[in-house]
Amino acid sequence: MDNTYPSQLLERAVAEFSKLPGIGRKTALRLVLDVLRRSEDEVDSFTSAVSRVRKEVKYCRVCHNISDTDVCPICSDSHRDATTICVVENIRDVMAVENTQQYRGLYHVLGGIISPMDGIGPNDIEIDSLVERVAQGGVKEVILALSSTMEGDTTNFYISRKLAPYDVAVSVIARGISVGDELEYTDEVTLGRAILNRTTMTTKQ
Ligand code: ZN
């Protein structure tokens, strides 16, 4: 441990900040010194926001998107097209697709992707709850908007097989996105076009 700090409190705050992703000790020190320049009210507001997001945020019981309420604002919006479900890996992908403004259906957040290398199997992500949603009826199309990686392809294939017994079209977003690209880093125009130019998967038995 680096003992050059004149205060144990400073040292502790720097240690906490440097636990954040992408924050080294130098940046952590800069952030802590910035905290010291702020009013107590501002700092209270900051710590309360951090603490409340951890304690109070929920996951939508329908689509597993992040939400302040049991059912998220997207699922409870009657103006959205409830016959279409866009399947994404994580919450950041929901935000990416929303930013394209090309999609008015609902979502399903898997909370991961099938990755045998990382020990993540189909039961570790929200696939069963997706199948249940489709089984309840009313869904006409499921759009798979996963990264075009090997794990994304594996997950697409697994989900399309699981949905094959149901009367629902399964499509994948167009591969304007180059292989290996993470969905969330794709620009809005490209991602929007990829959703519009989706292709139907044909795995029906
Ligand atoms: Zn929802």
Probe 1.4 Å, all chains present, heavy atoms only: L33 accessible area in Å², nearest 10, is 70 Å²
For the chain, the longest principal axis of the Cα atoms and the Cα long axis of helix 40-56 enclose an angle in degrees, to the nearest 10, of 30 degrees
In nanometres, the difference between 0.36 nm per residue of separation and the alpha-carbon distance of T149 and D167 is 3.7 nm
Ordered by number, the trypsin sites (Lys or Arg not before Pro) in the stretch 16-53 that occupy a DSSP loop and have at most 14 other Cβ atoms within 10 Å are K19, R38
So the FRET efficiency between Y59 and Q8, C-beta based with R0 = 45 Å and rounded to 0.05, is 0.75
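Tell me the carbon and sulfur percent of the accessible area for the chain, rounded to whole percent, probe radius 1.4 Å. It would help to have the intermediate numbers written out before the result.
Values: 6690 of 12650 Å².
On the chain, the fraction of accessible area on carbon and sulfur atoms equals 53 percent.
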Using a 1.4 Å probe on heavy atoms of the protein chains only, the accessible area for L10 in Å², nearest 10, reads 30 Å²
Residue-normalised value, i.e. accessible area per residue, for the chain at 1.4 Å probe, in Å², stands at 62 Å²
Calculated from DSSP helices alone, with each H run of at least 4 adding -39500 (n - 2.57) and the total divided by the residues of the chain, [θ]222 nm to the nearest 500 comes to -12000 deg cm²/dmol
Taking Lys and Arg as +1 and Asp and Glu as -1, residues besides D68 with C-beta under 15 Å from its C-beta add up to +2
Phi angles of the stretch 15-24, converted by Karplus (6.51 cos²θ - 1.76 cosθ + 1.60, θ = phi - 60°) into ³J(HN,Hα) in whole Hz with x for Gly and Pro, give 4, 5, 4, 6, 6, 6, x, x, 10, x
Correct semi-axes for the stretch 1-107, from √(5λ) of the alpha-carbon gyration tensor and rounded to whole Å with the largest first, are 40, 15, 12
Computed from the beta carbon distance with a Förster radius of 22 Å, FRET efficiency for S48 and S18 to the nearest 0.05 stands at 0.50
Which residues qualify? For V87, with a placed amide H closer than 5 Å and at least 5 residues away or on another chain, they are H108, I143, L144, A145
In whole percent, the Cα-Cα distances of the chain spread across 5 Å bins from 0 upward as 1, 7, 12, 16, 15, 12, 10, 8, 7, 6, 3, 2, 1, 0, 0
For the stretch 70-85, in residue order, the Karplus 3J(HN,Hα) values (coefficients 6.51, -1.76, 1.60; θ = phi - 60°; whole Hz; Gly and Pro = x) are 4, 10, 5, x, 5, 5, 8, 7, 5, 7, 8, 7, 7, 8, 10, 10
For the stretch 8-56, shape from the Cα gyration tensor axes a ≥ b ≥ c, cut at a/c of 1.5 then a/b versus b/c, turns out oblate
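The values are calculated or read from the model by the stated rules, or taken from the named source; none is laboratory data. Keep in mind the model is a prediction, meaning the values are calculated, not measured. FYI the Cβ positions are ideal-geometry reconstructions off the backbone, even for glycines, and counts take in every protein chain you see. When the accessible area is computed, the model is the full protein with side chains, heavy atoms only, and any ligands, DNA or RNA have been set aside. Shrake-Rupley method; radii C 1.70, N 1.55, O 1.52, S 1.80 Å.
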